[in-house]
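The structure appears below as structure tokens.
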Amino acid sequence: MKKMYVLIGNYGSGKTELAINFALRAAETGRTEILDLDMVNTYFRLTEPGIMTRMKEIRLVSPNFTNSSVETLSLPAEVQSAFAMDWDTVVFDVGGDAAGSTALGRYHQDFMELEEGQLEVLNVINIRRPLSGTVDRIIRIQNEMQVHSRLKITGMINNTNLSVATTEAELRDGYEIIKEVSERSGIPVAYTSGKKEFLDAFLAEGHDPKYIGTPVPIDVYMKRDWDSWVKTV
Amino acid sequence: MALTLMKGSEAIAEAAIRAGARFFFGYPITPQTEIPEYMSARMPEIGGCYLQAESEVAAINMVYGAAGTGARVITSSSSPGVSLKQEGISYAAGAQLPCVILNVMRGGPGLGSIQASQGDYFQAVKGGGNGDYHLITYAPSSIQEAIDIMQFAYDKAEKYRVPVLFLADGIMCQMMEPVEMPPMVEYKVDPEKKPWAATGWKPGDDPAKRAVINSLYINTEELTVHNNHLQAIYAEIRKNEKMWECYKTEDADYVITAFGTVARIAKSAADSLRKEGIKVGVFRPITVWPFPYEELKEATKNVKAILDVEANEGQMYEDVKLALLGSKPTEYFGHCGSLMPSTTEIIAKIHEMMKEGK
């Protein structure tokens, strides 16, 4: 049965990195398509030459005019291939916040025709981002995204990170806040993701599995030439 | 204080607010629209003013007006928009108005592209507008460094009564990094400390306290005196305000000169080359005006050669050559438009220089 993962969330929560990880894992066992559905950002996206080469066995669909000087991207007809073709796994990497998730509304009918259990709509959360740092803020963004995407969020992903300065403390602090979000919103925590070393250290602390979901160790693929040097305090 | 993961544009905007900026005038343009967007939400929260002007020209003249009252004011734009602001910047320099201007560079010339570039170096440091003037020009290389510099940018602008320019690029404003924000500064205009500011003189007040903000001098002798005064200020700034970073230059055989985002790529290249046993360092001007000429010469006195790397035609290369005055072999590598030089390309260029016996 075809499985679809739709990753939405606040800007900078790590959707693209997770989308690549989900797709690469799925590609080990089945035919996989990944869709860059970010209609907002003009920089640093899934459709970058360096990322594409690593996606050899994965079909990548990008909006028209990505990585050009056009600021108003458009959705290509190929997005329909996600629904029409016989994939094992499809991953949607969607733009941030309500503005970004609006692009999904166009495919409402297609999503509605999926069978029970085929679709996971996942809110990727990073509580180290200023606008998703509190329970109230996360719930507000979550509600807005559901309205704009015309989809119901089925689960949350604790992907709390500080980029190069990440430790297990990020996942732990994320766990505490997302737990409360889950209790208040009724939306379960579907996954907790992070680099293996931090994820293992966090899991060893013995938190309630109900608010961890499935642990997903990830690798970082969005590396760039200037990343090796970061001034931190 | 806890670290947060912030986008460069949000972080620079918040840092300016924390440094006391309460007036933002601007006009949207990619890749810096997130700055006005952030300011539009944040300024009302703290009793500040966000105003989207009808154009970049209007915005810089609003900066002129607000700075004339002694307030801490900021505007931001990207390359073509900053070109439009040049007249106003020259006026502000002539009228000696402290303010902060952000240029988030994109590809040029003309409308160019929306991707990152360093093509506005000449415009920034060689005078984009008319007349003999300079702006203290910072070229931060990380988001945290931009935040840290913003904390004293207004102090410098006010100390010398000059506009301060941040020369960033699209990558700097679009990338996200972990940062720590400084505490909020509650800035209040003190007319005693800013006797030049127009703070509400009315008929009957002491005529000596009447402030006039102006850059026009009817009498040519007066204009000469004014210019001599400006030149004396620029000499002081050259003496006191140069900032630079030496990265592994002590034992280096080759030094790469680069600024901003490209300097980070250069550091990656230097680290890789050191793993091969080739001693490479990086000299990075943090202030591109005043340019650290003597410091670059000193840092490279024992090297075999210098490689200047930029995302432009080699605009800073002219200053690098001026610093060295032919005392060392120099080369340039880079791309114009919006293509960043890569680590691989820089490594290949150093190998090529070694092969040529440089």
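Structure notes:
- Helix-only arithmetic for chain B: the sum of -39500 (n - 2.57) across DSSP H runs with n ≥ 4, divided by the residue total, places the mean residue ellipticity at 222 nm at -12500 deg cm²/dmol.
- Computed on the Cα atoms alone, the convex hull of the stretch B:258-358 gives a volume of 93 cubic angstrom per residue.
- In the stretch B:254-335, GluC sites (Glu not before Pro) in a DSSP loop with at most 14 other beta-carbon atoms within 10 Å: B:276
- Dipole magnitude for chain A: computed about the Cα centre from +1 point charges on Lys and Arg Cβ and -1 point charges on Asp and Glu Cβ, it is near 260 debye.
- Solvent-accessible area of residue B:274 with every protein chain in place, 1.4 Å probe, in Å² to the nearest 10: 60
- Angle between chain B longest axis and helix B:56-68 axis [Cα atoms, degrees, rounded to 10]: 60
- Charge dipole of the stretch B:245-355 about the Cα centre (unit charges at C-beta), most positive-ward option of B:259, B:348, B:309: B:348
- Solvent-accessible area of residue B:246 with every protein chain in place, 1.4 Å probe, in Å² to the nearest 10: 60
- 3J(HN,Hα) couplings calculated from phi for the stretch B:196-213 with the Karplus curve 6.51 cos²θ - 1.76 cosθ + 1.60 (θ = phi - 60°) are, in sequence order, 7, 6, 7, 10, x, 5, 9, x, x, 6, 4, x, 5, 8, 6, 9, 10, 9 Hz; Gly and Pro show x.
- Once you reduce the stretch B:54-82 and the stretch B:180-211 to the center of their Cα atoms, the two points are 19 Å from each other.
- Selected from A:29, A:47, A:214 as most flexible by GNM, with chain A as the system and alpha-carbon contacts under 10 Å: A:29
- FRET E, pair residue A:201, residue B:304, Förster distance 56 Å, beta-carbon r, rounded to 0.05: 0.75
- Where chain A is the region considered: accessible area per residue in Å², 1.4 Å probe: 43
- Threshold 50 Å² - residues in the stretch B:1-16 whose accessible area is reduced by that much or more when the chain is no longer isolated, probe 1.4 Å: B:3, B:5
- Residue among A:89, A:112, A:65 farthest towards the positive dipole end of chain A, charges placed on Cβ: A:65
- For residue A:155, residues with placed amide H under 5 Å, excluding near neighbours: A:121, A:123
- Using just its DSSP H runs of length 4 or more, each adding -39500 (n - 2.57), chain A gives a mean residue ellipticity at 222 nm of -9000 deg cm²/dmol after division by all residues.
- Residues residue B:126 and residue B:192, FRET efficiency given R0 of 35 Å [Cβ-Cβ distance, rounded to 0.05]: 0.45
- Interface burial for B against A (accessible surface, 1.4 Å probe, total of both chains, Å², rounded to 100): 2700
- The contact residues of the stretch B:161-187, meaning those that lose at least 10 Å² of 1.4 Å-probe accessible area when all protein chains sit together rather than their chain alone, are B:171, B:174, B:175, B:176, B:177, B:178, B:180.
- Using alpha-carbon coordinates, inclination of helix B:79-94 to the longest axis of chain B, degrees: 60
- Global geometry of chain A, whether rounded, prolate or oblate, following the gyration tensor of its Cα atoms and the 1.5 cut on a/c: rounded
- Heavy-atom accessible area ranking, 1.4 Å probe, most first, across B:272, A:101: B:272, A:101
- Lys/Arg +1, Asp/Glu -1 at C-beta; the protein assembly as shown dipole; positive extreme among B:44, A:211, B:118: B:118
- Computed extension gain for residue B:57 through residue B:111, at 0.36 nm per residue and net of the alpha carbon distance, reaches 17.8 nm.
- Annotation: per residue accessible area for the stretch B:4-179 equals 25 Å², rounded to a whole number [probe 1.4 Å, protein chains only].
- Accessible surface of chain A, 1.4 Å probe, proportion on carbon and sulfur as whole %: 52
- The local environment of residue B:113, defined by Cβ-Cβ distances under 14 Å, has a net charge of -2 under the rule Lys, Arg +1 and Asp, Glu -1.
- Applying the criteria of a DSSP loop state and at most 16 other Cβ atoms within 10 Å to the trypsin sites (Lys or Arg not before Pro) of the stretch A:90-161 yields A:150, A:152.
- The relative contact order of the stretch A:28-164 comes to 25 percent, based on Cα pairs under 8 Å that sit 6 or more residues apart.
- Cα centroids of the stretch A:130-172 and the stretch B:119-167: 36 Å apart.
- Span from the the stretch B:292-358 Cα centroid across to the the stretch A:25-61 one, whole angstrom: 36
- If both residues of a DSSP beta bridge must be in the stretch B:245-355, then about 20% of such bridges are antiparallel.
- Delta accessible area of at least 20 Å² on complex formation, residues of the stretch A:123-142, 1.4 Å probe, chain isolated as reference: A:128, A:129, A:130
- Dipole magnitude of the stretch B:140-244, debye to nearest 20 (Cβ charges: Lys/Arg +1, Asp/Glu -1, about Cα centre): 380
- Residue B:358 sits with roughly 60 Å² accessible to a 1.4 Å probe, with DNA, RNA and ligands left out of the calculation.
- Estimated FRET transfer efficiency when R0 is 45 angstrom, pair residue A:65-residue B:224 (beta carbons, to 0.05): 0.25
- For chain B, the share of DSSP beta bridges that are antiparallel, to the nearest 5, is 25%.
- Karplus-derived HN-Hα couplings along the stretch A:174-186 (A = 6.51, B = -1.76, C = 1.60, θ = phi - 60°), whole Hz, x at Gly and Pro: x, 3, 4, 6, 5, 4, 5, 4, 5, 4, 7, 9, x
- The stretch B:4-179, accessible surface, carbon-and-sulfur percent (1.4 angstrom probe): 55
- Counted over the protein assembly as shown, the DSSP beta bridges are approximately 15% antiparallel.
- Between A:186, A:12, A:194, the residue with the greatest mean-square fluctuation in the GNM of chain A (Cα pairs under 10 Å linked by springs) is A:186.
- Database remark: amide H of residue B:19 closer than 5 angstrom to the amide H of B:185 (H placed geometrically; neighbours at sequence offset of 5 or more, or on other chains; Pro and chain starts carry no H).
- Amide H within-cut-off set for residue B:257, under 5 Å, with H built and near neighbours excluded: B:283, B:307, B:308, B:309
- Heavy-atom surface analysis with a 1.4 Å probe gives the stretch B:245-355 a carbon and sulfur content of 52 percent of its accessible area.
- Modelled label reach - residue B:37, point 7 Å along Cα→Cβ, the stretch A:90-132 residues with backbone N closer than 12 Å: A:95-101
- Rounded to the nearest 20 debye, dipole of the stretch B:245-355 from Cβ charges on Lys, Arg, Asp, Glu: 300
- For chain B, the longest principal axis of the C-alpha atoms and the axis of helix B:260-275 are separated by about 20°.
- The stretch B:36-101: GluC sites (Glu not before Pro) in DSSP coil with no more than 15 other Cβ atoms inside 10 Å: B:54
- Cα gyration tensor category, rounded, prolate or oblate, for the stretch B:4-179 with a/c compared to 1.5: rounded
The values are calculated or read from the model by the stated rules, or taken from the named source; none is laboratory data. Model, not experiment: these values are computed from the prediction. All Cβ positions, even for glycine, are placed from backbone atoms using ideal geometry, and neighbour counts span all protein chains on display. Ligands, DNA and RNA are excluded from the accessible area calculation, which covers all protein heavy atoms including side chains. Shrake-Rupley method; radii C 1.70, N 1.55, O 1.52, S 1.80 Å.
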